[in-house]
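Heads up, the thing below is written out as structure tokens.
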Amino acid sequence: MTTKPITFVELTWNEWEEKFKPIKNHITKYPEPEAEYSSFETYGAEVEYVQTKIDDRLVWTFGDGDMCTYLSSGYHYINRISYYVCTVPYEEDTEYQIIVSTEEECKCYSEDEDVMEARGGEAGDPDCELCEGYGLVTVYND
Ligand SMILES: [Zn+2]
């Protein structure tokens with residue numbers, strides 16, 4: 001027996017949407033009538049549906065990674081935020097990853113000791129309009 005090599009593919013959110021066609025969450029008590037599709041929660045009837053009622057190859061995990069949020073093929077527990085269910089299954093020998101957003105250093109970001117001290121130990125400028133003192137800004141990859 002031979003194991004087929006796994007292919008890694010990176011997509012953008014739009015490419016993912018077009019290729020795999022996510023569906024609307026039909027279980028939620030808070031449906032979004034205008035949305036073309038919506039995510040499933042990580043608890044209760046919604047996660048139970050995702051875990052037991054459908055093929056794993058139709059499930060995608062939206063997760064919170066190290067300085068980024070991402071979407072990856074299959075059901076994952078670690079770092080999960082929510083799940084998506086698609087109508088087109090992903091191929092068994094392929095692993096997909098979609099980087100949804102990344103945390104980038106804001107233009108006010110500084111690790112200079114004097115600057116940080118003046119900011120009460122923060123790397124971000126509390127008066128910054130972009131990050132409001134967080135020091136990082138979220139950049140969406142679409
Ligand atoms: Zn800033």
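The values are calculated or read from the model by the stated rules, or taken from the named source; none is laboratory data. These figures come from a predicted structure and were not determined experimentally. As a convention, Cβ positions derive from the backbone with ideal geometry for all residues, glycine included, and neighbour counts pool all protein chains shown.
Results, tabulated for the structure shown:
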| read-out | value |
| --- | --- |
| Count of the range 24-45 residues which are of a type in the set (A, V, I, L, M) and touching an Asp or Glu at 6+ places or on another chain (Cβ under 9 Å) | 1 |
| Test: residue in the range 60-74 that is part of a loop (DSSP other than H, G, I, E, B) and at pLDDT 95 or above | no |
| GLU32 surrounded by fewer than 15 Cβ atoms within 10 Å (Cβ to Cβ), without any contact (Cβ under 8 Å) to a residue 40 or more places away in the chain and in contact with a Ser or Thr (Cβ under 7 Å, 6 or more places away or on another chain) | yes |
| Qualifying position, being in a strand (DSSP E or B), within 16 Å of the chain's Cα centre (by Cα), of a type in the set (A, V, I, L, M, F, W, C) and within 16 Å of the ligand (Cβ to nearest atom), among VAL85, VAL139, VAL100 | VAL139 |
| Matching option when the condition is farther than 22 Å from VAL139 by Cα, acidic (Asp, Glu) and touching a helix residue (DSSP H, G or I) at 6+ places or on another chain (Cβ under 7 Å), among GLU41, GLU34, GLU48 | GLU41 |
| Residue in the range 92-102 that is in contact with a Gly (Cβ under 7 Å, 6 or more places away or on another chain) and surrounded by 14 or more Cβ atoms within 10 Å (Cβ to Cβ) present | no |
| Any chance CYS106 is surrounded by 18 or more Cβ atoms within 10 Å (Cβ to Cβ), within 16 Å of the ligand (Cβ to nearest atom) and either among the acidic types (Asp, Glu) or modelled with pLDDT of 95 or more (or both) | yes |
